[in-house]
Amino acid sequence: MKSKRHRKSPRNKLGTLLFRPLRFLFGAHVNRQLKINREGSLCLQFVLTATVHHGKSHLAIPESRNGQPCLNPKQKKQPKTQTANPESRNFYHSESLNKKNRTNPNQPTLEKTYMTRHASPNRKDGENNTANQNAPENNEMVVTPWEVKGKVDYERLIREFGTQPLTTQLLERLEKHPDKLHLQLERRIFFSHRDLDTVLDLYDKGVKFVLYTGRGPSGPVHIGHLVPWIFTLHLQQEYDTRLYFQLTDDEKFLVDDEANLGETSKYSYENALDLIALGFKPENTFIIYDTQDIDLLYDITLEVAKRITYSTARSSFGFQDSTNIGWVFWPAIQAAPCFIHKKLTGENVPALIPAAIDQDPYWRVTRDVAQKLGYYKPAQIHNRFLPGLGVGGKMSASMPETCIFTMDPPEVVKKKIWNAFTGGKGTAAEQRKTGADPTVCSIFQYYFYLFEEDNVKLAERERRCRAGELLCGECKKDLTEKLNKFLEQHRERREKAKDVIDQYGIKR
Ligand code: TRP
């Protein structure tokens with residue numbers, strides 16, 4: 001069913017007419033596509049196809065799941081905007097649009113998908129504020145800080161966002177014990193970065209770094225949120241370094257018409273418990289609750305905000321005339337924790353941000369201003385999204401039935417897993433005969449991301465699945481048990497966190 005918000009605005013139509021020639025001029029001669037393989041190195045597309053989809057890999061890898069990458073060809077391009085700074089060049093100016101990486105001009109590009117989400121921020125006409133205006137009718141990719149939908153093509157994000165693939169060499173440099181890569185590195189769940197090499201070079205010369213990540217407390221935490229936090233904890237332990245963790249109740253309030261500050265602040269507290277439950281220690285973990293701690297951030301925020309033009313913000317985030325001005329200012333608040341360490345300790349060190357790649361636009365604008373303010377540019381490592389239990393897309397709280405929350409009771413977990421989308425066949429008999437397809441299976445992804453750390457066992461599970469020896473019911477049952485055990489322990493630690501949460505606040 002087509003809802004009102006799927007209709008295209010006249011302005012979009014006009015945009016297409018005006019900018020189609022531009023699009024042609026800017027990308028007409030390029031139709032080569034570079035991709036990264038599992039080793040993190042660049043290769044031509046046909047090489048990737050051979051390696052990923054038909055190669056000898058024993059592990060099904062997340063990006064090959066369900067269907068082809070496909071951006072809605074009907075989507076309209078937005079006008080090119082002038083930006084002064086190289087880093088915050090949006091998709092029209094992005095590093096990805098250099099000649100080497102430019103994509104096929106006839107192919108719709110991510111920026112269009114990206115921008116359309118903001119065709120309606122805080123609309124006055126009652127349309128859903130969080131919906132993409134040209135919401136996917138198929139499995140098209142939408143990746144913005146506020147929305148992730150469809151089949152995510154990670155190589156394409158690297159190209160379009162202008163980040164770097166995480167190479168094996170860099171992964172090994174990042175690990176203090178390179179012979180034993182963390183699961184999330186080994187499986188390339190972290191797959192892209194900005195300036196990780198610079199941070200490691202500095203570290204070798206004696207300049208430490210701090211970690212920074214965060215969460216928009218729009219609701220309860222699900223296990224997809226835990227993925228980068230688990231890796232952050234690992235890095236914190238390896239490098240014995242501080243973590244600044246920002247809970248952005250203000251952001252969630254501003255970007256969602258329905259949200260109220262009481263609710264988002266309540267979820268800040270609830271979400272902090274989930275973070276602490278993972279095992280972070282108060283000595284070097286500093287949680288920033290935006291609305292409570294804004295006084296600490298405010299001077300830095302102002303310095304940042306003063307140096308980001310409206311034009312840059314608009315082109316990076318897609319703001320529209322109807323966007324509320326709180327939202328327009330807000331990115332400066334997410335930038336502030338990148339630099340707070342110096343204010344608190346006098347030490348000027350870079351921040352390394354482990355986070356999902358949808359947050360990248362924030363870092364682009366932050367990196368533009370960092371050096372002008374006397375700081376290092378913040379570096380990032382980007383993780384993939386844990387897929388939801390349905391067909392395509394990341395695990396998203398807006399579709400609770402496809403999403404395992406940390407507070408889901410065992411029966412609910414069982415039911416959600418039972419209803420999950422798999423690569424199974426219509427009948428058990430058929431599946432025994434022809435086998436199933438783990439590459440499209442949401443259940444397999446959970447083993448891959450979190451619940452089967454043993455590579456040999458994972459490969460064996462994949463083999464049995466393909467061979468028709470392992471049926472979906474059994475695989476789901478195993479996962480339900482593993483998940484419920486994990487969640488039970490998590491909740492125990494979460495309960496204990498209530499007694500110590502005060503020790504973690506940045507104002508302690
Ligand atoms: N904007 C993020 C969200 O909506 C929250 C956030 C703030 C964050 N600072 C961050 C996420 C740093 C990752 C890294 O979830």
message = Need one word for region 256-395: rounded, prolate or oblate. Basis is the Cα gyration tensor (sqrt eigenvalues a ≥ b ≥ c); a/c below 1.5 gives rounded, then a/b vs b/c decides.
response = rounded
query = According to a simple spin-label model (label point 7 Å from Cα along Cα-to-Cβ), what is the distance in nm between residue 467 and residue 455?
reply = 2.1 nm
Tensor-based shape of region 399-508 (alpha-carbon gyration tensor, a/c under 1.5 rounded, otherwise prolate or oblate) = prolate
query = Just the accessible area per residue of region 270-311, please: how many Å² with a 1.4 Å probe?
reply = 41 Å²
ask   = How long is the gain from residue 427 to residue 179 if the chain were fully straight, where each residue apart is worth 0.36 nm and the alpha carbon distance is subtracted?
value = 84.9 nm
query = Which percent of Cα-Cα pairs in region 311-378 sits in each 10 Å bin, short to long?
reply = 19, 48, 27, 6, 0
note = With all protein chains present, region 214-349 has a carbon and sulfur share of its accessible area (1.4 Å probe) in percent of 53 percent
query = According to a simple spin-label model (label point 7 Å from Cα along Cα-to-Cβ), what is the distance in nm between residue 292 and residue 507?
reply = 0.9 nm
remark   = Between residue 162 and residues 5 or more places away or on another chain, the pairs with built amide H atoms under 5 Å apart involve 96
task = Among 486, 471, 500, pick out the residue whose Cα is farthest towards the positive end of the charge dipole of region 446-508, where Lys and Arg carry +1 and Asp and Glu carry -1 on C-beta, about the Cα centre.
result = 500
remark   = Subtracting the Cα-Cα distance of residue 208 and residue 310 from 0.36 nm times their residue separation yields 33.4 nm
query = Pulled fully out, how much extra length does the chain show between residue 348 and residue 477, if you take 0.36 nm times their separation in residues and subtract their Cα-Cα distance?
reply = 41.4 nm
remark   = Taking a ≥ b ≥ c as the square roots of the Cα gyration tensor eigenvalues, with a/c under 1.5 meaning rounded and otherwise prolate when a/b beats b/c or oblate if not, region 380-459 comes out oblate
ask   = With every protein chain present, what is the per residue accessible area of region 316-410 (1.4 Å probe, Å²)?
value = 29 Å²
task = At 1.4 Å probe size, with every protein chain present, just tell me what the per residue accessible area of region 157-201 comes to in Å².
result = 36 Å²
key: Relative contact order (%) - criterion: Cα under 8 Å, at least six apart; region: region 277-433   = 15 percent
inquiry  = Quick one: 3J(HN,Hα) in Hz for region 343-357, Karplus 6.51/-1.76/1.60 with θ = phi - 60°, rounded, Gly and Pro as x.
reply    = 5, 7, 10, x, 7, 9, 10, x, 9, 10, 10, x, 6, 5, 5
note = Kirkwood radius from Cα pairs of region 195-326 plugged into Stokes-Einstein at 20 °C, 1.002 mPa s, gives D in µm²/s equal to 128 µm²/s
ask   = Using θ = phi - 60° and the Karplus form 6.51 cos²θ - 1.76 cosθ + 1.60, what ³J(HN,Hα) does each residue of region 400-409 get, whole Hz, x for Gly and Pro?
value = x, 6, 9, 9, 9, 7, 5, 9, 5, x
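The values are calculated or read from the model by the stated rules, or taken from the named source; none is laboratory data. All figures in this text were calculated on a predicted structure; none of them were measured in a lab. Reconstructed Cβ throughout: ideal geometry from the backbone, glycine too, with neighbour counts over all protein chains shown. Just the protein is used for accessible areas: all its heavy atoms, side chains included, with ligands, DNA and RNA removed. Shrake-Rupley method; radii C 1.70, N 1.55, O 1.52, S 1.80 Å.
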